[in-house]
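Visitor: Input: one structure, supplied below.
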C-alpha cells in the first residue's frame, strides 16, 4: 500500500512569512496528490491538487511535485493567522484505489 | 452545493458494545469512504465503497463492518468497542477517485 510521510510535524512562522511543508510517498506511479487543510473539530477541506511533474500555483499556494524523488511540497506565501491549521497530504495510488494520508503538519502563524 | 452529514456527532460507548455510525451525502457521488483519525496521526482508511452494495476493505478494516445499502448512505459498525478507545471517524465521498469532500466527523469515546 502507499506510504505517505509528512514533515515537519509542526511549524511556527511569523505572519507574512513563507510556510513550506513537505510530503514523500512510496510509489512514483501514484495518480494524484492532494493537500487538505483541517481546522480543529472540522473535517479536512481540499486546498490544491497536482497530477503532473512540476509546479502549480493557486493564489498564495504553490505546490511542487517531483515524481523521481517521490516528493511533493506545499508553499504558502504571505502566511496569515487564519492559515493556522493541520495540513494533510493525500496520495491516490495508480490502481484506482482510495487515497492514503500522511500524519499531517500543524502550522501555527503568529501575528 | 451538497453536504455530507455524519451522525451522531459524539458517541460514548461501553467496552464490548456494538456501535453504528452513519453518513449521508447529497452530491450523488458514487464513491464513499470511512477513515479513522487518532490524535496526532493521519487518516487511516477503514472501508470504502465504489457503488451501492459494494464494499472494499482498507488498511484498518479488522474490528469494523460497513454497509452501503443505497448510493447516498454509508454506515460503519464498530463490532466490539475497546476500552479507553478515543478517535474521530471521518466519512468522505467523491466522484470517481478525485475531489473528495469530508464530513465533520463522529467523535467516539469508549468508557
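Visitor: Comparing A:61, A:21, A:74, which has the greatest mean-square fluctuation in the GNM of chain A with Cα pairs linked when under 10 Å apart?
Guide: Most flexible of the set in this elastic network: A:61.
Visitor: Other chains' Cβ within 10 Å of B:99-105 residues: what's the mean?
Guide: 5
Visitor: Over chain B, with a Gaussian network built from C-alpha contacts below 10 Å, which listed residue (B:27, B:89, B:74) shows the highest mean-square fluctuation?
Guide: Top of the fluctuation ranking is B:27.
Visitor: Still on this structure: Across 10 Å bins from 0, what is the distribution of all Cα-Cα pair distances for segment A:1-98, in whole percents?
Guide: Final binned percentages: 15, 50, 29, 6, 0.
Visitor: Can you pull the semi-axes for the protein assembly as shown, root of five times each eigenvalue of the Cα gyration tensor, sorted largest first, whole Å?
Guide: 30, 20, 16
Visitor: Averaged over peptide B:33-45, how many Cβ atoms belonging to another chain are found within 10 Å of each residue's Cβ? Before the final figure, lay out each step's value.
Guide: On the way: counts 2, 1, 6, 0, 8, 1, 0, 5, 4, 12, 13, 2, 6.
Going residue by residue through B:33-45 and averaging, the value is 5.
Visitor: Which whole-number percent is the relative contact order of chain A (Cα, under 8 Å, 6+ apart)? If you can, show how the numbers build up before the last one.
Guide: Working: 279 pairs, mean separation 41.7, N = 111.
Contact order relative to length: 38 percent.
Visitor: Normalised by the residues of segment A:69-111, what does the relative contact order come to in percent, with Cα pairs under 8 Å and at least six apart?
Guide: 43
Visitor: On alpha carbon coordinates alone, what is the Rg over Rh value for segment B:3-111, Rh being the Kirkwood radius?
Guide: Value, to two decimals: 0.95.
Visitor: Please tell me the relative contact order of chain B in percent, rounded to the nearest whole number, where contacts are Cα pairs under 8 Å and at least six residues apart.
Guide: Computed over chain B, the figure is 36 percent.
Readers should treat all values here as calculations from the given coordinates under stated rules, not as data from a laboratory. Small disclaimer: the values here were computed from a predicted structure and weren't measured. So basically every Cβ, Gly included, is an ideal-geometry build from the backbone, and we count neighbours across all protein chains shown.
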